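Contents: one structure, followed by commentary.
The values are calculated or read from the model by the stated rules, or taken from the named source; none is laboratory data. For clarity, every value in this text was computed on a predicted model and none was experimentally measured. With ideal geometry, Cβ positions are generated from the backbone for all residues, glycine too; neighbour counts draw on all protein chains shown. The protein model used for the area step is the full one, side chains on, heavy atoms only, and it has no ligands, DNA or RNA in it. Shrake-Rupley method; radii C 1.70, N 1.55, O 1.52, S 1.80 Å.
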Amino acid sequence: MTEIIVVTSGKGGVGKTTTSASLAVGLARRGKKVAVIDFDVGLRNLDLIMGCERRVVYDFVNVIQGECTLKQALIKDKRIETLHVLAASQTRDKEALSKEGVERVLNELTEDGFDYVICDSPAGIEKGASLAMYFADRAIVVVNPEVSSVRDSDRILGLLASKTRRAEQGAGGVEQHLLLTRYNPDRVANGDMMGIADVKDILGIEVLGVIPESPGVLTASNAGVPVILDDTSDAGQAYADAVARLSGEERPMRFIDATKKGFLARIFGS
Amino acid sequence: MGLFDLFRSRPKNTASVAAERLRIIVMQERAANGRPDYLPMLRRELLEVIRKYVNVDPDAIDIHVTHEGEGEVLELSVALPEKHTTAPATPATGET
């Protein structure tokens, strides 16, 4: 049984691709057969974050338009054997995607025995984003604790509840999770940033994980190594926790408490 | 935070301001979501027609779509002013 997971957000720059890459690696590391697909046609970046940008020969649009086979276009990850990347086309636009084409690719992945297909959605609510979510069984809505991101997420939640195959078939809708990223516990403690409870309360869905704002995310993307592979970084560990929860394990939230300041630090400033 | 900050009153908590603003706007947008998008225009045109006969306030028209069993009901209510100032109109009742 293949599970199709869309990573989406509405707003750009909140960490969809970073999240897609780390989820894909995390699930594959647990022995699952995983494909991660970049739906951001025209602005592909998943290949860079995964570190396979020089190995892209064929892309998602080539497969959809029958210019190559799916097998030719899937890039096997060099680190984890069961992980595969399908890059977006850099030269076309989102109109090159079609519902039938996307469905064909997803069906073929299902027949090939993939356990998970992660769909990395582009920002916005146009064709690329709507096709990325259409066939999903589960959605991970990436949200920053910031007003525009939260509002856009609510819009996306509305679309997930109405403009997806599951919603149209009345199959119980798409299972939805929130993933808070760029979370800064110190700022939350100071009252400068909305906390987990605020975001959860406003959007009304469960929080799968909280990824702290972390220098590790940039260094990982610089190197083309998904941050989950950096065991020393708090963000990497938080992603590993989120993957464990996605797989049904219970894990306490980590990295959500403010750093405790000593008495002297409080008096003389930090 | 330095020594003097300890005695200063804390600035306004911006996170709670953000959460409050979002609660309101998200609630509004959810309510508007799924409503037919011709409603604002219908409301405007109805208002024009009604104003030919009765000088009603622009806010006097309220339009809702409600679900009743299988079907949907377009509910329209117009609050009339106390005294009619224009045109001979047959006094309408509040709801249709």
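A few points about this structure:
- For region A:164-205 versus region A:225-257, the gap between their alpha-carbon centres in whole angstrom: 17 Å
- Interface residues in region A:144-165 - accessible area drops by 50 Å² or more relative to the isolated chain, probe 1.4 Å: A:V147, A:R151, A:D154
- Interatomic Cα distance distribution for region A:28-185, bins of 10 angstrom, percent: 10, 38, 37, 14, 1
- Probe 1.4 Å, accessible area per residue of region A:1-122, Å²: 41 Å²
- Taking the accessible area of region A:13-115, probe 1.4 Å, and keeping the other protein chains in place, the carbon and sulfur fraction comes to 45%.
- Under a Gaussian network description of chain A, with springs only between Cα atoms under 10 Å, the residue in A:G170, A:G26, A:G224 that fluctuates furthest is A:G170.
- B:I24 exposes around 90 Å² of accessible area when a 1.4 Å probe is run over every protein chain in place.
- Accessible area that becomes buried as A packs against B, both chains, 1.4 Å probe, Å², nearest 100: 1600 Å²
- Interface residues, region B:12-32 - accessible area loss of 40 Å² or more versus chain alone, probe 1.4 Å: B:A15, B:L22, B:R23, B:V26, B:E29, B:R30
- For the protein assembly as shown, the mean residue ellipticity at 222 nm estimated from helices alone is -11500 deg cm²/dmol, where every DSSP H run of n ≥ 4 contributes -39500 (n - 2.57) and the total is divided by all residues, rounded to the nearest 500.
- Relative contact order, whole percent, for chain A stands at 23, derived from Cα pairs under 8 Å and 6 or more residues apart.
- Listed residue pairs exceeding 18 Å between alpha carbons, taken from A:K33/A:K127; A:K76/A:K127; A:K32/A:K78: A:K33/A:K127; A:K76/A:K127
- Quotient of Cα Rg and 2.2 N^0.38 Å for region A:112-250, N being how many residues it contains: 1.10
- Spin-label model, A:E108/A:D231: points 7 Å from Cα along the beta carbon direction are separated by 3.7 nm.
- With a Förster radius of 30 Å applied to the beta-carbon distance between A:K260 and B:R30, the computed FRET efficiency rounds to 0.15.
- Size descriptors for the protein assembly as shown (Cα atoms only): Rg and Dmax, in that order, 25.5, 83 Å.
- Chain A: most fluctuating residue of A:L157, A:L229, A:L23 per GNM, C-alpha cutoff 10 Å: A:L229
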